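The values are calculated or read from the model by the stated rules, or taken from the named source; none is laboratory data. Worth saying up front: this structure is predicted, and the values here are computed from it rather than measured. Heads up, the Cβs are rebuilt from the backbone with ideal geometry, glycines too, and the neighbour counts pull from every protein chain shown. Heavy atoms of the whole protein, side chains included, go into the accessibility calculation; ligands, DNA and RNA do not. Shrake-Rupley method; radii C 1.70, N 1.55, O 1.52, S 1.80 Å.
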Amino acid sequence: MTHDPPASPQSPSDGPPSRKDDGRVDRPGGMETAGAGDDAPGDAERVEPSPGSGKRRRLPHVTLPGCWGALVLACLSFTPSLLPRGGILQGLVCGISAAIGYGLGVVAAYVWRAFADRDARSPSRRSWLLLLVCTIVLFGVAFGLGQYWQHEIRGLMGVTEYNVLTAVACPFVAALVFWLLLLAGRGLRRLYRWAARLLGRWIGPRAARVVGWLLVAGLAWSVFSGLLLSGFVNAANEAFSVRDTQTPEGVHQPASTLRSGGPGSLVPWDTLGRQGRAFTGSGPSARDIGAFTHRPAQEPVRAYAGLSTSDDTESRAERAVADLERAGGFKRANLLVMTTTGSGWVDPAAVDSFEYLGNGDSATVAMQYSYLPSWLSYLVDQSKAREAGRELFDAVYDTWSKLPQDQRPRLFVAGESLGSFGGETAFSGEYDLRNRTAGTLFAGPPNFNTLFREFSDHRDAGSPEIEPVYKQGRTVRFTDDPTTGMPPTDRQWDGTRVLYLMHPSDPIVWWSPGLALSEPDWIGEAPGKDVLDAMVWMPFLTFWQVTADLPFSTGVPDGHGHTYKAAYVDGWNTVMRPTGFTAQDLDRLRDIIRPKG
């Protein structure tokens with residue numbers, strides 16, 4: 001008889017795990033886990049070390065490819081965008097860019113391993129040391145170049161303010177933002193793995209991974225858009241609705257019957273809202289205008305309806321027009337339909353310039369459609385701006401078109417930023433603007449404006465996006481400086497004039513989601529007068545840089561960014577074509593208008 005040999009105390013099938021040279025761990029049953037450097041997306045089946053295993057792991061651990069990606073994009077984030085950035089804002093941009101770079105680095109490493117058909121390997125100490133040295137050197141150089149570029153941008157725009165403390169705080173803010181985003185990403189990854197393991201009990205592992213990703217992505221988007229974003233917007237709306245009940249300092253209820261909220265007005269003073277009271281309770285008087293024109297002047301008419309004036313947009317527009325008619329607005333020589341921005345704000349520079357150049361023989365009507373400030377309305381209230389612009393113009397046009405032709409005032413349209421977006425929606429195109437208005441002036445049009453995009457995208461061959469020429473400039477023209485003429489300067493500009501004012505450094509004009517993945521024409525063209533040559537397009541990064549410029553677009557001197565003041569003087573002079581004003585008169589008017597706003 002033969003006897004079977006006794007079983008080995010440790011067989012290959014049930015022995016303790018052993019570590020391979022490449023950092024992988026052999027586990028019983030042939031299972032392997034990647035080393036600490038592996039952070040591949042979609043790895044739902046990785047076995048995590050148990051808390052009691054005695055294995056120490058830095059939390060949160062990072063991967064070498066991810067860190068290289070974070071370093072590259074963090075350094076590139078110091079390249080210039082459209083506006084000067086303070087240290088805190090630069091830190092925010094740098095941290096977001098680093099997080100994007102980390103994710104791209106991880107994905108790139110995962111794809112490379114898939115093509116190379118190998119698992120991840122634990123980086124050596126030398127690799128980490130090289131990364132550390134490169135981080136110190138490259139980040140220091142990028143930070144220094146960033147300070148130089150910011151100095152150059154401030155010089156182009158005449159900005160003298162510079163805070164050394166915020167510049168020093170920039171790297172710390174960047175690190176904090178990066179780690180917060182990294183931890184958020186790790187949290188979503190853990191949630192995905194949990195979902196994939198749970199789903200794996202009923203479906204195959206590949207399907208579980210796909211469905212798990214879809215569930216987590218949908219949940220994250222729902223939380224962001226439905227809870228965080230909506231909650232923020234609702235809270236902001238509530239806060240600004242309280243502010244809307246206040247009256248700006250120095251503004252008083254008008255004593256003139258020519259203003260909404262004044263004696264005999266169909267719109268009570270307390271329903272105008274903060275910006276409506278600022279609009280009707282201020283502005284040049286007949287004496288102010290006469291002192292400028294050296295001619296007898298009239299008191300301008302100003303009509304307005306606030307959100308509290310009526311419950312819906314249509315009836316609010318009708319109330320504003322009824323008050324305009326009561327005040328004699330349709331009997332003036334010039335009538336302006338002004339679409340407001342955000343909380344109902346009307347740029348004083350736009351209306352005051354119109355009134356001065358019209359010698360006071362003018363009327364302006366506007367209405368409020370939101371409580372939110374301009375930059376926030378720009379993101380969430382586009383539909384309200386569209387509805388308000390269309391309803392207000394249609395209500396004015398309905399009354400205006402019923403007047404005898406020889407008694408109609410010249411009908412103008414204007415709007416700034418989101419106001420230009422709303423103002424455009426009342427018209428179908430170039431000929432509609434030409435046939436139904438005497439002139440139009442839009443300043444700082446958002447990139448998503450329907451007609452603005454149509455005119456720019458179909459511009460004449462050879463004309464740049466930064467100053468396009470449409471149909472040889474027969475009706476619509478664009479300029480970054482109305483004092484220097486509007487191309488094409490060799491062509492007559494007869495009939496109705498539609499003019500767009502757009503600064504090269506205005507992020508409202510150039511921001512779009514497409515910046516993330518495609519280079520726009522305006523970046524590849526010769527830069528404008530206040531944009532650095534060093535600005536280049538980079539995927540994802542340029543999008544976040546210009547996005548960060550948006551909230552600060554009006555925090556720069558006049559003539560730059562989204563600040564349009566003195567440009568309205570020459571803009572209206574071009575569109576209205578008043579007589580009797582010399583170049584010296586326009587210089588004086590710019591000095592009057594520039595401090596307003």
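Kindly evaluate Leu138 against the criterion of being open to solvent by 40 Å² or more (accessible area, probe 1.4 Å) and part of a helix (DSSP H, G or I). When the stated conditions are applied, Leu138 passes them. Counting residues in the range 427-447 that are among the charged types (D, E, K, R) and buried (at least 23 other Cβ atoms within 10 Å of the Cβ) gives zero. Go through the residues of the range 284-299 one by one and say whether even a single one is buried (at least 24 other Cβ atoms within 10 Å of the Cβ), farther than 28 Å from Pro404 by Cα, small (Gly, Ala, Ser) and in contact (Cβ under 8 Å) with a residue 40 or more places away in the chain. Looking through the range 284-299, none of the residues is buried (at least 24 other Cβ atoms within 10 Å of the Cβ), farther than 28 Å from Pro404 by Cα, small (Gly, Ala, Ser) and in contact (Cβ under 8 Å) with a residue 40 or more places away in the chain.
Kindly indicate the residue of the range 547-576 that is among the hydroxyl-bearing types (Ser, Thr, Tyr) and open to solvent by 10 Å² or more (accessible area, probe 1.4 Å) and also farthest from the chain's Cα centre (by Cα) among those meeting that condition. Only one residue fits best here, namely Thr574. Of the residues making up the range 70-77, not a single one is assigned to a loop (DSSP other than H, G, I, E, B) and in contact with a Lys or Arg (Cβ under 8 Å, 6 or more places away or on another chain). Does the range 115-124 contain at least one residue that is modelled with pLDDT under 95, of a type in the set (A, V, I, L, M) and open to solvent by 40 Å² or more (accessible area, probe 1.4 Å)? Within the range 115-124, one or more residues are modelled with pLDDT under 95, of a type in the set (A, V, I, L, M) and open to solvent by 40 Å² or more (accessible area, probe 1.4 Å). Selection of first residues in the range 502-530 that are closer than 20 Å to Gly462 by Cβ and of a type in the set (Phe, Trp, Tyr) and of second residues that are open to solvent by less than 30 Å² (accessible area, probe 1.4 Å) and in a helix (DSSP H, G or I), restricted to Cβ pairs under 7 Å at least 6 apart or on distinct chains, gives the following pairs, ordered by first then second residue: Trp522/Trp510. Kindly evaluate Gly485 against the criterion of being surrounded by 21 or more Cβ atoms within 10 Å (Cβ to Cβ) and at positive phi. Against the criterion (surrounded by 21 or more Cβ atoms within 10 Å (Cβ to Cβ) and at positive phi), Gly485 does not qualify. The set of residues from the range 531-546 being in a loop (DSSP other than H, G, I, E, B), without any contact (Cβ under 8 Å) to a residue 60 or more places away in the chain and either open to solvent by less than 60 Å² (accessible area, probe 1.4 Å) or aromatic (Phe, Trp, Tyr) (or both) comprises just one member, Trp537. Is there any pair with a first residue in the range 156-171 that is charged (D, E, K, R) and a second that is modelled with pLDDT of 90 or more whose Cβ atoms are under 6 Å apart and which are 6 or more apart or on different chains, and what are they? Here the result reads none, with nothing in the range 156-171 linked to a residue that is modelled with pLDDT of 90 or more. Restricting the range 104-114 to residues that are of a type in the set (Gly, Ala, Ser) and open to solvent by less than 30 Å² (accessible area, probe 1.4 Å) leaves a set whose member that is nearest to Ala174 (Cα to Cα) is Gly105. Inspect all residues belonging to the range 499-508 and state whether any of them is under 20 Å from Gln545 (Cβ atoms), of a type in the set (D, E, K, R) and buried (at least 20 other Cβ atoms within 10 Å of the Cβ). Taking every residue of the range 499-508 in turn, at least one turns out to be under 20 Å from Gln545 (Cβ atoms), of a type in the set (D, E, K, R) and buried (at least 20 other Cβ atoms within 10 Å of the Cβ).
Taken over the range 174-203, the criterion of being open to solvent by 90 Å² or more (accessible area, probe 1.4 Å), more than 32 Å from the chain's Cα centre (by Cα) and closer than 21 Å to Trp221 by Cα is satisfied by Arg190, Trp194. Checking the stated criteria, Phe421 turns out to be of a type in the set (A, V, I, L, M, F, W, C), crowded, with 24+ Cβ neighbours inside 10 Å and farther than 25 Å from Arg259 by Cβ.
Restricting the range 344-389 to residues that are in a helix (DSSP H, G or I), among the hydrophobic types (A, V, I, L, M, F, W, C) and at pLDDT 90 or above, the residue that is nearest to Arg277 (Cα to Cα) is Val351. Evaluate the following for Ile100: is it of a type outside the set (Gly, Ala, Ser), open to solvent by less than 70 Å² (accessible area, probe 1.4 Å), under 18 Å from Gly69 (Cα atoms) and within 26 Å of the chain's Cα centre (by Cα)? Spelling it out, Ile100 is indeed of a type outside the set (Gly, Ala, Ser), open to solvent by less than 70 Å² (accessible area, probe 1.4 Å), under 18 Å from Gly69 (Cα atoms) and within 26 Å of the chain's Cα centre (by Cα).
Residues in the range 257-273 that are out of contact with any strand residue (DSSP E or B) (no Cβ under 9 Å at 6 or more places or on another chain) and open to solvent by less than 50 Å² (accessible area, probe 1.4 Å): 2 in all.
Of the residues in the range 304-315, at least one is in contact with a helix residue (DSSP H, G or I) (Cβ under 7 Å, 6 or more places away or on another chain), closer than 23 Å to Lys565 by Cβ and open to solvent by less than 10 Å² (accessible area, probe 1.4 Å).
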